[in-house]
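Read-outs throughout are calculated quantities, based only on the coordinates presented, and are distinct from any laboratory measurement. It should be emphasised that the depicted structure is a prediction, and the values quoted were computed from it without experimental measurement. Cβ atoms come from the backbone with ideal geometry, glycine included; neighbour counts cover every protein chain shown.
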Amino acid sequence: MTTQKPVTRGTDTDPPLLRGPGPVTVALKVNGTTHHLDIEPRVSLLSALRDGCDLTGSKRGCDQGTCGACTVWVEGRRVLGCLTLAITCEGHEVTTVEGLADGDALHPMQQRFIDADAFQCGYCTPGQLMSAVALVREGRASDEAEIKEWMSGNLCRCAAYPHIRTAILAARDDMAAHDREHDA
Amino acid sequence: MSAVIGQPLPRIDGRPKTTGAARYSADIPLPGLTYAVLAGSRIAAGRITRVNAAPALAATGVIAVLTHENLPRIAAQPPVLPSLLGGPSPGETFFPMQDATIHYGGQHVALVVADTYERALHAAGLVEFTYEEEPAVTVIDQIRDRTEVPDSLFGGFVPGHSSRGDVEAALDRAEVRVDATYHLAANHQNPLETSATTAHWEGGRLFLHDATQGPNATQHTVAALLGVPHADIRVISHYVGGSFGAKASIWHHSTLAAMAARHVGRPVRLALTREQMFTSCGHREEQEHSVSLGADRQGRLTALRHHKLSPTSQHDDWAETSLEVGAQLYACDAYEGVYRLGRAHTMTPTFMRCPGEASGLFALESTLDQLAGELGLDPLELRLRNHADTDPVTEKPWSSKGLKECYRRGAELIGWHRRAAGPVADGDWLVGLGMASAAYPAAGPVNPQRARVRVYADGSAVAQAAASEFGTGVGTAMAQVAAEALGLPVERVRFEAGDTDLPNLASAVGSTGAGMISAAVHRAAVALRDQLIAQAVADPGSPLHGADPGRVGLSGGRMVLRDRRDTGESYAELLLRAHQPDAEATRSWAPPQGEPTHAMMTFGAHFAEVAVDRDLGLVRVRRLVGAFAPGRVLNARTAKSQLMGGMLWGMGQALLEQSVMDRRAGRWANPSLGDYLVPVNADAPQVDVELVEVTDDVVNPLGVKGVGEIGQAGTAAAIAAAVHHATGRRVRNLPIVVEDLL
Amino acid sequence: MRPIGYARATAVSQAVKAVSGDRDSTYLAGGTTQVDLLRQGVFGHATLIDINALPLTGIDRTDDGGTRIGALARMSDVAADPAVRDHLPLVAESLELSASAQLRHMASIGGNLLQRVRCGYYRDGASPCNKRAPGSGCAALTGVNRNHAVLGVSDRCIAVHPSDLAVALTALDARVLTATTTGERAHHIDDFFLEPGDTPEREHPLEHGELITAVEIPDTPTARNSRYLKLRDRQSYEFALVSVAATLRVEHGLVTGVRLALGGVATKPWRARQAEGMLLGGTADAQTYAVAARAEMAAARPTPANAFKVELAQRAIVRALTSLTPAGGAA
């Protein structure tokens, strides 16, 4: 059953500005730096980061949203770079694994990954880290069971999973301590 | 006892790997870089009758389209040989785009080069092919009545048939007999990094950044295929994003990247898509195992017959070596192992982690579990009663064993005594326990392995060899090996690798890497130490002048008199005085030739606690315990991580992983990580890894037997046994899925 | 992925007009289906109208006590919304058991309903597939079809509808609100998903350019005693083999309210009305549940590879309802 009502939402009647399909200039703010890239609208955020910004920490493990190796943050939320078009990120802050450390000082999550041997080949690690820090911020790192479920979007073929959980639990406490210091 | 070797030091590449700084083979920025994407055949058998490259060539940004019509011919096709041999090691004796024939689905039929990745990817789909299709044969059911037992397989190293005693007579006479047949799904390695090569030519020299388990293997193989002198090819491979056998042989894309770079005169990056990982670097073949065991009433094995049936490609006789460890694992006088192969329209199968043992031990150990049940014996007791004190095949002593201790420690950790009381109900779940033996050959290379060690006048040192780092932690372990031999703090020693300009090595495959690379590094470091001690005792300016070199040792980073440790000096003091910026030594470790004196194998034991939902058939592994005796462990932290990974691989093999063939189309039906299920974090239970110390003076200088595969050998059998314990159901196929348990 | 033009819409009417006027264009919301299938070559749109800036992200109470979820609200935000968790735990549960945390941050509610089937023959862009290329045939009928549907199938298509959320919404009698160039429409969830029949390419009744603006879920007091049970091979990050969305009210040992919908087994989110009818007024025990489940699945048309789903679905229904039955059950 359907009902008909007049459209009430929206006011803009001009057609939206069409860009592409050829290369257009896209301003991408990544880790605090704005990159002006001449890219086609079809270019994914992952490709733009890797090929346009030479930030190759984000990995292409599948290009289909099934592995999590391309996990980055857009406005602080963990998303998949492979299924995000770069052009949609204009005006948004993008953060990659290259932006996680504070200069030479590793983020607690990075340090805890090293301490716990939470990786082997390291290929999924940037995605794991970006997911893991976001997970803690989301409040989903209360125990192993929760971490298991909420980290399942990041495949690790070396199967370092138990160590990843150990690292996250430790880094969660480090991050809380750090936040308390800053609040004080 | 060693001071540095074995220490659980954190990985030295932790920082690059956690900051994104580590550059893998598809991460190399080069001026003028272009992007290559392959297209695969839509049919599995037949031929291409027409190619239309025009739509692809017309697409924006496309620089070249290569097909069999214009790709140069290869110079020569080397035979399939394991890369452990150190020579050319293609994955199959077929090279694509040389003619119009199609031998398997997904076979590379076009390579498109464009100025961006997106443009290349799109254009690869625009090349039009017309095919003349023939019926494809791809699965065991289609080859059953046309199989052969090959004289040999696995590059000629494994016989198709082997036996001892009269197995048929022994089976006929057996007081207890069990016959069982198992089906194992085909599997794909699926490292998270898809295979990738970045190629560029400079002044007639070829540079390849390649994801490989052995840079030299890439060098030798590409050189042979292209007819380019080895000396003109440099392969660099600093970080490899996992391999698990996918990058153990050298597959077509590495050479194709080089051909494409030459063709377009610019650097080319060729990274396989995830889908292409299913048809570009081999797979673990679908297989059927038939095991017959004969035993007396006390449970002593009197006969062991193990036959395997599997499809291979049109061009190579290949099956993973599933039967070899089973022939050696238990004392049994009558044995027969037979491989039967049938030609199919697939790639040549290849190595996949624990290649052969993971499948063969599932069949053998599952049958033993069943035999234990029929005898009313504890499965662990049955293993103990058949313990092989010497190698049943050669009757030689073992170089080291430790299996009984592995059984004991593993049983204790899992609480094996609980098993006798039967399965436990936990709400909707039935919880059972299972165990299996683990065994993996401690093989080694056949030719000399080289390394170079250099000490600088500031007291820092670097060890070098062309090993690649694909997750094993080789850099950390080898820094420890060199540091120990040189008597230097490990922080002062770096291991440089991943480059064919460095001393050459065979590929790190089959759990041999740690043993052979450590042998070479150890030899070179010891030689350099001795060289510097000799220089010191000959140097009138040295406090050690005139001393007997045999009485000079190392302490606190210095060369000192063993009986007067305050007399001595550092390498730095020695070198500075002599105005020498550095000193170095290159040495080879030549593996022993001729008939070995011992049988060499790594042993272990798996224990699994598994819950099965009594109504819904869901299987949940609650805990895995593995106890292993891998000889000398170079770094306990990284070794345990590898063993844990292997065990979780066994869990994936047991419960999740299957490459499903669409037999009508001759194509894998689930070529993605959404459909080919590998374990996720939620699947991974608590894993306990126990290291059992054994000393091995035979396998190689440091007694290292390796940890890459043994973690997976037998895991699936332990899980299947636990499922049986919990439910009474004997599942004879892998993976074990819901429908098996409803 | 073919070259595509891109425009960012700032108003619903503008977006609807733009897409309605260009058959080669479509909307881009979270992108998790759109970008994937464009790259796979399954979709061939020339233009994407980005609707992410449209004000369609609210989660509000309606005048009659129902809940209205904006079409562009993200799965993760809806799942975390306190009101949704409180009033519609079934919705929150179905969302949190979907996909991965990253995908849930990206994917919109509207997009979730419009996500495409996971049939490998549809996704490969080349096999015969009546959904992707009408009239080309269905490779799944006799192909690899363990994960395919057993209910609502036709001889043209047996692909399973993949959404978890849609199963929960189906149990809750939700409505899908849309905007067209001529006005707004509302589709009852039952009518929103179409069985394949002879036209598997047609998955829903939307016109080209018709934009989902919100989903409305009526006040459902029984929905607080609910469960979304999802069975799969992997323990997370996988589509369902079988899923059950159930709500149950038991009084004096009798079922006085029940909603039941199935996922993973049917070509559309499957409201198990036959089972509901048998359960209402019946004894709240496993035996009654099993009889109703068997009746619901009697219409199943499985293949040899997915026949297990018929049994598994029945057991899952019983499990879900049993877990919602108060302690003491029918006592």
* Asked: Mind checking which aspartates and glutamates have their C-alpha under 15 Å from A:LYS59, skipping anything on the same chain fewer than 8 residues away?
  -> A:ASP51, A:GLU98, B:ASP27, B:GLU193
* Asked: Reachable lysines from C:LYS230, Cα under 18 Å, same-chain residues fewer than 8 places away excluded?
  -> A:LYS148, C:LYS268, C:LYS309
* To do: Could you tell me what percent of the DSSP beta bridges with both partners in segment A:24-99 are antiparallel, to the nearest 5?
  => 90 percent
* **CD proxy at 222 nm, helix term only [per DSSP H run n ≥ 4: -39500 (n - 2.57); per residue of the protein assembly as shown; nearest 500]** => -7500 deg cm²/dmol
* Structure fact -> Between C:ASP173 and A:ASP143, Cβ-based FRET efficiency (R0 45 Å, step 0.05) works out to 0.80
* Modelled FRET efficiency - R0 30 Å, B:ASP530 with A:THR33, Cβ distances, 0.05 increments -> 0.05
* Asked: If you take the square roots of the eigenvalues of the alpha-carbon gyration tensor of segment C:16-113 and sort them as a ≥ b ≥ c, do you get rounded (a/c under 1.5), prolate (a/b over b/c) or oblate?
  -> oblate
* Using θ = phi - 60° and the Karplus curve 6.51 cos²θ - 1.76 cosθ + 1.60, what whole-Hz ³J(HN,Hα) does each residue of segment B:705-718 get, with Gly and Pro shown as x? -> 9, x, 10, x, 10, 4, x, 9, 6, x, 4, 4, 5, 5
* How large is ³J(HN,Hα), in whole Hz, for each residue of segment B:421-432 in order, when computed from phi with the Karplus curve 6.51 cos²θ - 1.76 cosθ + 1.60 and θ = phi - 60°, using x for Gly and Pro? -> 6, x, x, 10, 8, 9, x, 7, 9, 10, 10, x
* Structure fact -> Most packed first (mean Cβ within 10 Å per residue), the peptides B:474-487, C:118-131 order as B:474-487, C:118-131
* **Hypothetical label at A:HIS92: residues of segment C:88-108 whose amide nitrogen lies under 16 Å (7 Å Cα-Cβ projection)** => C:101-108
* Rounded to whole Hz, the Karplus (6.51, -1.76, 1.60) HN-Hα couplings of segment B:454-463, x for glycine and proline -> 10, 10, 8, 5, 8, x, 8, 9, 9, 10
* Asked: So who's got an amide H within less than 5 Å of the one on C:GLN235, skipping anything under 5 residues away but keeping other chains? H placed 1.01 Å off N, in plane.
  -> B:VAL680, B:ASP683
* Structure fact -> Result: in chain B the number of Lys pairs with C-alpha under 26 Å apart, spaced 8 or more or on different chains, is 12
* Taking Cα pairs under 8 Å and at least six residues apart, what relative contact order does chain B come out at, in percent? -> 17 percent
* Structure fact -> Taking alpha-carbon centroids only, segment B:320-335 lies from segment C:148-194 a number of Å equal to 57 Å
* Distance in nm between pseudo-label sites at C:ARG301 and B:ARG50 (7 Å out along the Cβ direction from Cα) -> 3.8 nm
* Just subtract the alpha-carbon distance of B:THR390 and B:ARG551 from 0.36 nm times their residue separation and send over the number in nm, one decimal. => 54.0 nm
* For segment B:496-543 and segment A:13-61, distance of Cα centres in Å -> 48 Å
* Could you check what % of the DSSP bridge pairs in the protein assembly as shown are antiparallel, to the nearest 5? => 80 percent
* **Cα-based helix-to-principal-axis angle, A:161-183 vs chain A, degrees rounded to 10** => 80 degrees
* Structure fact -> Sorted by chain and then number, the residues having a modelled amide H within less than 5 Å of the amide H of C:THR213, at least 5 places away or on another chain, are C:LEU177, C:THR178, C:ALA179
* Can you put B:PHE95, C:PHE239 in order, fewest other beta carbons within 10 Å first? -> B:PHE95, C:PHE239
* Treating the angle as unsigned and between 0 and 90°, give the value, to the nearest 10°, between the Cα long axis of helix C:308-324 and the longest Cα principal axis of chain C. => 70 degrees
* Considering chain C as a Gaussian network with a 10 Å cut-off on Cα pairs, which listed residue, C:LEU312, C:LEU211, C:LEU88, attains the greatest mean-square fluctuation? -> C:LEU312
* Relative contact order, percent, chain C [alpha-carbon distance under 8 Å, six or more residues apart] -> 17 percent
* Asked: Taking the Cβ-Cβ separation of C:ALA46 and A:ASP174 as r and a Förster radius of 41 Å, what is the calculated FRET efficiency to the nearest 0.05?
  -> 0.25
* Structure fact -> In nanometres, the difference between 0.36 nm per residue of separation and the alpha-carbon distance of B:ARG173 and B:ASP458 is 95.3 nm
* Structure fact -> Quick note, segment C:5-53: a/c under 1.5 would make it rounded; otherwise a/b > b/c is prolate and the rest oblate (a ≥ b ≥ c, C-alpha gyration tensor); here it is oblate
* How far, in degrees from 0 to 90, does helix A:125-137 lean away from the longest principal axis of the Cα atoms of chain A, to the nearest 10? -> 90 degrees
* **Averaged over B:660-672, number of beta-carbon atoms from partner chains that fall within 10 Å** => 5
* Asked: Which whole number gives the average count of other chain Cβ atoms within 10 Å of the Cβ atoms across peptide A:93-105?
  -> 2
* To do: Find the relative contact order for chain A and round it to a whole percent, using C-alpha pairs within less than 8 Å whose residues are 6+ positions apart.
  => 19 percent
* When you look at the Cβ of every residue in C:39-52, what mean number of other chain Cβ atoms sits within 10 Å? -> 3
* Of B:ALA223, B:ALA524, B:LEU81, whose Cα points farthest to the positive end of the dipole of chain B (charges on the beta-carbon: +1 Lys, Arg; -1 Asp, Glu; origin at the Cα centre)? -> B:ALA524
* **Distant-in-sequence amide H partners of B:LEU554 (H built 1.01 Å from N, under 5 Å)** => B:VAL560
